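One structure is given below, encoded as C-alpha cells.
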C-alpha cells in the first residue's frame with residue numbers, strides 16, 4: 001500500500017518538462033525573436049542550481065498553521081514568513097505525521113509512518129539499520145550539522161545518526177548557527193537541521209512581541225504555566241501497567257484543570273501568538289544570515305513544524321491526544337534555489353513524509369523505492385501530475401504515555417487520519433469507529449458525517465484497515481516504559497518543556 005506517487009524525475013528531465021509546459025502555456029513558436037527585442041531573462045531551473053546545493057531545515061516546534069498570518073490569521077504573527085513566501089512555495093495543506101515531537105520528527109527524518117518505525121514513547125530509538133536523511137546527505141559529501149532545543153530530536157532517540165555534530169542548545173536556534181557553520185573552513189556543502197521550541201509551552205514570550213497583540217499580567221503568565229505543568233503531569237503515568245504505585249486515574253482532576261485553562265483561553269491565545277511572532281522573527285534573521293553568507297540563492301530552505309497545539313477545540317489542551325487539524329495541520333514553506341517556483345501556493349494535501357525525499361531530489365539524488373513511504377514534492381511542479389485518487393493515510397497517533405478517561409473511551413490509544421481532497425477520516429483503531437469530516441464546509445471538524453456518507457465511510461474504513469496491516473509492522477503489544485538514562489542536559493531540557501518530572505519520569 002505504498003503511497004502511489006510517481007517516481008520523481010531527474011533534474012534535467014524535470015527541466016525539460018518544466019520548459020515544455022512553460023513553452024506551451026505561452027503559445028511558443030520556433031520563429032526567431034526580432035533583432036531589437038530585449039534579451040529574455042534567464043528562467044530559474046534545476047540546471048542553474050549548483051550541485052550540490054546547501055540545505056537548511058528550520059523546524060518550529062508546536063506551530064499551528066492556522067495561527068500564522070501567512071495562512072490568513074487575523075493577527076500579524078508572521079511578517080517574515082510572508083516576505084519569504086514571495087520567493088518560495090507555500091503549502092496550504094501540509095500534514096504532520098504524528099501529533100507530538102518524538103514520533104513526528106522520527107517520521108520526518110526517516111520518511112516513514114509511525115507504525116513502521118515504532119518510535120512512540122520515551123526510550124524508543126530508531127532501528128539499528130535505519131538510514132535517516134542526515135546519513136544519506138552525509139553519504140553525498142555534505143557536512144551535516146544539527147542544533148536542537150528539544151532533546152527528542154537528538155541522540156536519545158537515535159536522531160543524531162548521520163550528523164557530524166548534534167548539539168542540544170539552551171538558546172534560540174537559528175541565525176547564529178548559520179553564521180557559525182559558514183565561518184567554518186570547510187568547502188563541503190551544508191545540510192543543517194535547526195529545531196526551536198517556540199511556541200511550545202510554557203508560554204513566556206519576550207515583552208516586545210507580546211506588546212504587539214495585547215497585555216497579559218506577569219502573575220497571569222505564571223498561573224497559566226503552573227496549570228499547564230500540573231495538567232501535563234497528571235496526564236502521565238496513570239495508565240494500566242504504566243502508573244507508579246499509588247497513582248490512579250486522574251481524569252477528574254485533569255478535567256478541572258482543563259476548565260481552568262478554558263477560562264484563560266484569551267490570555268493563552270495572546271501568549272501563544274506572541275511566541276509565534278518571536279519564532280517568525282528568528283526565521284527572518286536566519287534568512288538574512290544566509291544572505292550575508294552569500295549562499296541564499298544556492299540554498300534549499302525549508303520552514304515547517306512537527307505538530308500543532310490543542311486549545312480546547314475538541315476538549316483537549318497542549319498536544320498528542322488527537323489527530324484533529326489543530327494538531328496536524330502545520331506550515332510548510334520551501335525556498336527552492338534561485339527562487340524557483342517562487343510565489344506559488346500549493347493547495348493539495350501533502351505529508352511531511354515527503355520532505356526528506358524532496359531534499360534528496362533537489363540535491364540531485366532522486367530517492368529510491370527503498371527510502372521510506374513518502375515521495376518527492378518536485379513531481380507536482382515539474383510534471384504537473386495529478387494525485388492518485390482515493391484516501392491516503394497522512395497522520396498516525398499511537399499513545400503509550402497518557403490517559404484521560406473520556407478521550408480513551410471515545411478514541412482509544414491508536415488513531416489513523418486519512419485525506420481524500422477536502423474529506424478527512426479518522427479511524428479509531430481500538431474502538432473500531434470512523435469519524436468523517438468535510439473540511440471544505442466544516443474546517444473545525446465539528447460534524448461527524450460518517451452516518452450520512454456510508455459509501456465514503458466504508459472506503460475510508462477499509463483503506464485505514466489495509467494501511468494498518470501494511471504499515472503497522474512495528475506496533476506490537478504495548479510494553480512498559482523503557483528505563484531512560486538521560487544525561488543532565490537532556491533531563492533539564494525535557495523538564496523545561498514539561499515532558500519529565502523532577503525524578504526524570
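The values are calculated or read from the model by the stated rules, or taken from the named source; none is laboratory data. Model, not experiment: these values are computed from the prediction. Note that each Cβ is placed from the backbone with ideal geometry, even for glycine, and that neighbours are counted across all protein chains shown.
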Number of positions in region 262-282 that are closer than 20 Å to residue 307 by Cα and touching a helix residue (DSSP H, G or I) at 6+ places or on another chain (Cβ under 8 Å): 13
In region 141-170, how many residues are farther than 13 Å from residue 58 by Cβ, under 21 Å from the mean Cα position of the chain (by Cα) and in a loop (DSSP other than H, G, I, E, B)? 9
Expected single match for touching a residue at least 60 places away in the same chain (Cβ under 8 Å) and at positive phi among 316, 294, 343 is 343
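Per-residue answers, yes or no, for (1) surrounded by 24 or more Cβ atoms within 10 Å (Cβ to Cβ); (2) under 16 Å from the mean Cα position of the chain (by Cα); (3) closer than 17 Å to residue 70 by Cα:
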site	(1), (2), (3)
312	no, no, no
315	no, no, no
321	yes, no, no
330	yes, yes, yes
333	no, yes, yes
338	no, no, no
342	no, no, yes
345	no, no, yes
351	yes, yes, no
Among the residues of region 107-123 satisfying the criterion of being at pLDDT 90 or above and in a loop (DSSP other than H, G, I, E, B), which is surrounded by the fewest Cβ atoms within 10 Å (Cβ to Cβ)? 118
Residue in region 177-218 that is nearest to the chain's Cα centre (by Cα), counting only those that are in a helix (DSSP H, G or I) and closer than 13 Å to residue 268 by Cα: 210
Can we say residue 225 is within 30 Å of residue 138 (Cβ to Cβ) and either in a helix (DSSP H, G or I) or modelled with pLDDT under 95 (or both)? no
Yes/no for residue 129 being within 19 Å of residue 163 (Cβ to Cβ), at pLDDT below 95, out of contact with any helix residue (DSSP H, G or I) (no Cβ under 7 Å at 6 or more places or on another chain) and surrounded by fewer than 24 Cβ atoms within 10 Å (Cβ to Cβ): yes
Candidates 459, 439 - the one that is under 20 Å from residue 312 (Cα atoms), surrounded by 15 or more Cβ atoms within 10 Å (Cβ to Cβ) and in contact with a strand residue (DSSP E or B) (Cβ under 9 Å, 6 or more places away or on another chain): 439
Has region 274-289 got any residue that is over 23 Å from residue 64 (Cα atoms), surrounded by fewer than 16 Cβ atoms within 10 Å (Cβ to Cβ) and touching a residue at least 12 places away in the same chain (Cβ under 8 Å)? yes
Residues located in region 421-436, provided they are under 18 Å from residue 399 (Cβ atoms) and either surrounded by fewer than 14 Cβ atoms within 10 Å (Cβ to Cβ) or touching a helix residue (DSSP H, G or I) at 6+ places or on another chain (Cβ under 6 Å) (or both): 427, 428, 430, 432
What are the residues in region 168-212 that are closer than 22 Å to residue 261 by Cα and surrounded by fewer than 20 Cβ atoms within 10 Å (Cβ to Cβ), if any? 202, 204, 206, 207, 211
Residues being out of contact with any strand residue (DSSP E or B) (no Cβ under 7 Å at 6 or more places or on another chain), part of a helix (DSSP H, G or I), modelled with pLDDT of 95 or more and surrounded by 22 or more Cβ atoms within 10 Å (Cβ to Cβ) - total across region 56-101: 1
So the check is Cβ under 8 Å with 6+ separation or different chains; which pairs have a first residue in region 142-157 that's on the phi > 0 side of the Ramachandran plot and touching a residue at least 60 places away in the same chain (Cβ under 8 Å) and a second one that's buried (at least 23 other Cβ atoms within 10 Å of the Cβ) and outside any helix (DSSP H, G or I)? none
Report whether or not residue 302 is outside any helix (DSSP H, G or I), within 16 Å of the chain's Cα centre (by Cα) and modelled with pLDDT of 95 or more. yes
Is there any pair with a first residue in region 68-81 that is under 17 Å from residue 92 (Cβ atoms) and a second that is surrounded by fewer than 18 Cβ atoms within 10 Å (Cβ to Cβ) whose Cβ atoms are under 6 Å apart and which are 6 or more apart or on different chains, and what are they? 69/76; 70/82
Could we say that residue 325 is under 25 Å from residue 393 (Cα atoms) and in contact with a helix residue (DSSP H, G or I) (Cβ under 7 Å, 6 or more places away or on another chain) here? no
